[in-house]
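Input: a single structure, listed below in structure tokens.
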Amino acid sequence: MLKPSDRIVILTGAGISKESGLDTFRCAGGVWERVRLEDVATPEGYARDPDMVHRFYNDRRRGLLQADVRPNAAHDALARLEREWPGEVLLVTQNIDDLHERAGSRNLIHMHGELLKARCGVCGAITEIRADLSVEDDCADCGAVAEMRPHVVWFGEMPLEMERIYQNLATSALFVSIGTSGNVYPAAGFVQEARINGAHTVELNLEPSEGATLFDEKIYGPATGAVPAFVERLLALR
Ligand code: APR
């Protein structure tokens with residue numbers, strides 16, 4: 001039984017931003033049906049054609065910054081949980097949008113990086129960006145030319161802040177996975193980490209994910225309905 005002092009770890013995927021108008025990757029009409037991930041989400045693809053990669057992320061960045069793309073009730077509910085749950089709530093997102101921040105979440109890890117940041121391939125400096133990025137851009141810190149890339153983790157690269165994520169999974173009493181298909185590791189393996197450490201595990205998704213059988217509890221339906229209701233249930237335990 002969950003105590004108010006207990007730590008909660010939440011993992012989100014593209015499904016939580018779907019009702020804000022952002023595409024998922026593997027659902028019908030998803031991103032990987034329109035462009036090959038090998039071409040735009042691997043270091044090899046970037047080396048082969050950096051212009052194509054910049055165009056891909058520039059299009060997604062422009063889409064994210066459109067006026068009608070806003071956090072939805074699921075993002076808002078997770079920010080409320082962080083504010084009102086007495087114990088620590090760590091939100092780990094696979095998403096590179098900034099909708100969790102805009103909803104007010106603060107204790108947040110972007111394990112796959114962020115669309116609104118660029119990174120210098122030479123000195124590693126990270127800068128906020130809202131405009132298009134191109135191979136002509138140079139690094140404001142070290143001056144390297146044509147080395148600025150999206151601060152996004154590509155397939156074959158190490159996700160960010162993994163040690164902090166595993167430390168939190170090792171001491172969490174509740175692990176909640178929201179809006180992810182469970183196709184991509186290491187995120188898809190977090191539920192096993194949580195189970196090994198005795199956490200109660202819950203999946204909220206539109207349909208069963210690849211790892212559905214690993215969860216103690218499953219709640220299926222659109223995130224904007226399921227997540228606020230789940231957060232209400234948790235806050236009633238205080
Ligand atoms: N509410 C809840 N869940 C939803 C909704 C919704 N409205 N719409 C879709 N979903 C679910 C789908 O059922 C699917 O299981 O969201 C999940 C999205 O799965 P993916 O498209 O595979 O996205 P994700 O799991 O975040 O992908 C993980 O793969 O391509 C890489 O780096 C990329 O971070 C991404 C990672």
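Nothing in this text is a laboratory measurement; each read-out follows from the coordinates by a stated rule. Remember, it's a predicted structure, so these values are computed and weren't measured experimentally. All Cβ positions, even for glycine, are placed from backbone atoms using ideal geometry, and neighbour counts span all protein chains on display.
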Subject >> Per the chain, cysteines lacking a partner by the 4.7 Å Cβ criterion >> reply: Cys27
**OP:** Classify the stretch 178-238 as rounded, prolate or oblate from the Cα gyration tensor: take a ≥ b ≥ c as the square roots of its eigenvalues, call it rounded if a/c is under 1.5, otherwise prolate when a/b beats b/c and oblate if not.
**Re:** oblate
**OP:** Note down the magnitude of the dipole of the chain about its Cα centre, charges +1 on Lys and Arg C-beta and -1 on Asp and Glu C-beta and zero elsewhere, to the nearest 20 debye.
**Re:** 660
**OP:** Give, to the nearest whole percent, the P(r) tail of the stretch 66-192 beyond 25 angstrom, counting all Cα pairs.
**Re:** 34
Original post:
What is the ratio of the Cα radius of gyration of the chain to 2.2 N^0.38 Å, where N is its residue count, to two decimals?
Top reply: 1.03
**OP:** Under a cut-off of 28 Å between alpha-carbon atoms, report the lysines in cross-link reach of Lys3, not counting same-chain residues fewer than 8 places apart.
**Re:** Lys218
Original post:
Which loop-located trypsin sites (Lys or Arg not before Pro) does the stretch 1-73 contain, where loop means any DSSP state but H, G, I, E or B and the Cβ has at most 16 other Cβ atoms within 10 Å?
Top reply: Arg26, Arg36
Original post:
Are there trypsin sites (Lys or Arg not before Pro) in the stretch 69-141 that DSSP puts in a loop and that have at most 10 other Cβ atoms within 10 Å, and which ones?
Top reply: Arg130
Original post:
Counting other C-beta atoms within 10 Å, which of Glu217, Glu136 has the fewest, and how do the rest follow?
Top reply: Glu136, Glu217
Original post:
If you wrap a convex hull around the Cα atoms of the stretch 137-238, how much volume per residue is inside, in Å³?
Top reply: 164
